[in-house]
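The values are calculated or read from the model by the stated rules, or taken from the named source; none is laboratory data. Just so you know, these numbers come straight off a predicted model, no measurement behind them. Here the Cβ positions follow ideal geometry from the backbone for every residue, glycine too, while neighbour counts run over all protein chains shown.
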């Protein structure tokens, strides 16, 4: 099939050589990386800006001693009247004044924070926590409870999820799995649409330009269709591979850009047990236990097979319309519906990967590329049994052969029909007659 | 030796007998006119010959062997009426690409394309895009692409539409050239004067059937109406003669129709007997256009849709 090769090469080269392809391919990972880097930068630098808070403790809630927490440096101010102190606190280097009036411990009230700028909700709740702790301590003393004893009694544990069978258990993280599941499902959903539409526009272009008849006098319509589908699929695959490589390389730069990151991660890792590690460390830890090799492998399989299945249908629609993009939109509805349905099932499967709906969706060929990709991050051989995976892949290959055969017949007739748009009824006839 | 033989070709669509039992043959090196009103089945017939459609019935013999749509298409160059090229692709790349689809290797295709571009004075077009070309330039390019791979059979559907006389002649000369080199050419058009000028042999289709087949000269003979034009030295007075009647008279020029059973010599001897000086005497043959209209007229020009039970 030398001619498919010639067509494939043209389809591939004309698209890859375009400037928009280059921009998309290079910019997307850099954008994602930049976003990620920004989050990390904020996470690291968050604690640098301290605010000085003057505390006028008229209830002696803090017994003259207060620990600084988070972004706040607390200083107890003694022997000052509120009204006069408010005139001069800024000159003394304080950002705000926390005023605690003489309190009834059973019914505290009137605690006020004075500042020039609006205080954020997180900062407010942090300060509230500090005051609440102080009040609780006072109450405990009043009730003859030793605060130190109580803190020893209190328990704060976190569960370590491990997934597996028999003797083999691996550490897993349901949040991370769900995150990767969503990402994989959405990525396959978007790419299927983008590349499916690209095939449809390509077919329409050939029909509208009237080059279709010139070409089908040299090659069979089926060869033209397959050459186009495979060529555009190869463009998508190239894009993925560049993305994966770029992300991998960029990720190596992360410690170089943020030298403090390695340090802070190390310090978080060596924190005393019992304390929960930082969120960033948790993500890094969780990602370590994902089998990315296998996930990427299945992603590429489901992308290729799912793409081939839908692309041929998009090609059939492209061949049936003439001129008008709006006509195309009407006719694509029956194709886009199962994709959207798959997306809906995927959002459920990403959080509940073993539900009946998720299993059905991951086996049914029209939805399986998207739904199965949302289940795979939860673990192959465990959450997704091998038999389901095998069956799903088999069904998908069978589905793609069916749609390609069907689409080939519609395409053959449609590509040479000029003048009017074909209805689905007519396309059905083209597919099953002769 | 025939380049192409078509025997009893049929193609029925759901509502039309597009091609209904058509046979003809095409000699090597001949230029063949495929005529017919709109919707006569020309395009369907051509699509079967180019392997785009499979016939329902009948046989196509290409270069002595049964037509094999997969391999024989490399020997055919087809310029459809509905033609076009990729708008965004460089012209040179486009020519090479389409030649490769016809089975040429990349290097061969580049070499041939360059030769033809030089021949047609289109070297500077190589890196341009179709968008930059005028309609006529596009037409010229399309012709080059059609014949680039040196096909044995060239099918041209309305090749001159949109071309100025200079470029028309350029392509016409090239058509003669190709036929001299042994390529057979099928030429489909509505422009009868071009057919008369270029073609050796014609067939006329109407409503899917072949209604006329022959050489241009032969067809004209077949449809002649025994009309002659005579120029005389002096305008005759009244003419009473049983061998002919006057169809039209302008001063000293007469158009006469010879009655059945008489010969041109009877006309001449009448005027010689009248002592009238004869300046010229010439047979008037019908133009293809006249024949076309005569044959097709009366049948409804637009085909009606009808259910077919084949």
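Assorted remarks:
- If you filter segment B:8-29 down to residues that are in a loop (DSSP other than H, G, I, E, B) and more than 25 Å from residue B:200 (Cα to Cα), you find that the one that is farthest from the other protein chains (Cβ to nearest Cβ) is B:16.
- The lone exception for residue B:34 - which of (1) within 24 Å of residue B:195 (Cα to Cα); (2) modelled with pLDDT under 90; (3) in a strand (DSSP E or B) it fails: (2)
- When residue B:5 is tested against (1) crowded, with 22+ Cβ neighbours inside 10 Å; (2) in contact with a strand residue (DSSP E or B) (Cβ under 7 Å, 6 or more places away or on another chain); (3) more than 14 Å from chain A (Cβ to nearest Cβ), just one condition goes unmet, and that condition is (1).
- Index of the failed condition, residue A:106 passing every other in (1) within 19 Å of residue A:137 (Cα to Cα); (2) over 48 Å from the mean Cα position of the chain (by Cα); (3) surrounded by fewer than 14 Cβ atoms within 10 Å (Cβ to Cβ): (2)
- Identity of the residue in segment B:65-103, within 8 Å of chain A (Cβ to nearest Cβ) and in a strand (DSSP E or B), that ends up farthest from residue B:144 (Cα to Cα): B:76
- Lone unmet requirement of (1) facing chain A (nearest Cβ under 10 Å); (2) more than 26 Å from the chain's Cα centre (by Cα) for residue B:121: (1)
- Per this entry, residue B:55 is not counted among residues that are under 16 Å from residue A:218 (Cβ atoms) and within 13 Å of chain A (Cβ to nearest Cβ).
- Unique residue being at pLDDT below 90 and in the same structural domain as residue A:220 (by TED's automatic domain parsing) when the list is A:390, A:381: A:381
- The set of residues in segment A:359-376 being surrounded by fewer than 24 Cβ atoms within 10 Å (Cβ to Cβ) and part of a helix (DSSP H, G or I) consists of A:359, A:360, A:363.
- Any hit, segment B:142-154, residues being surrounded by 15 or more Cβ atoms within 10 Å (Cβ to Cβ), within 14 Å of another protein chain (Cβ to nearest Cβ), within 13 Å of the chain's Cα centre (by Cα) and in contact (Cβ under 8 Å) with a residue 24 or more places away in the chain: yes
- Residues of segment B:104-118 satisfying the condition of being within 14 Å of another protein chain (Cβ to nearest Cβ), surrounded by fewer than 21 Cβ atoms within 10 Å (Cβ to Cβ) and assigned to a helix (DSSP H, G or I): B:106, B:107, B:108, B:110
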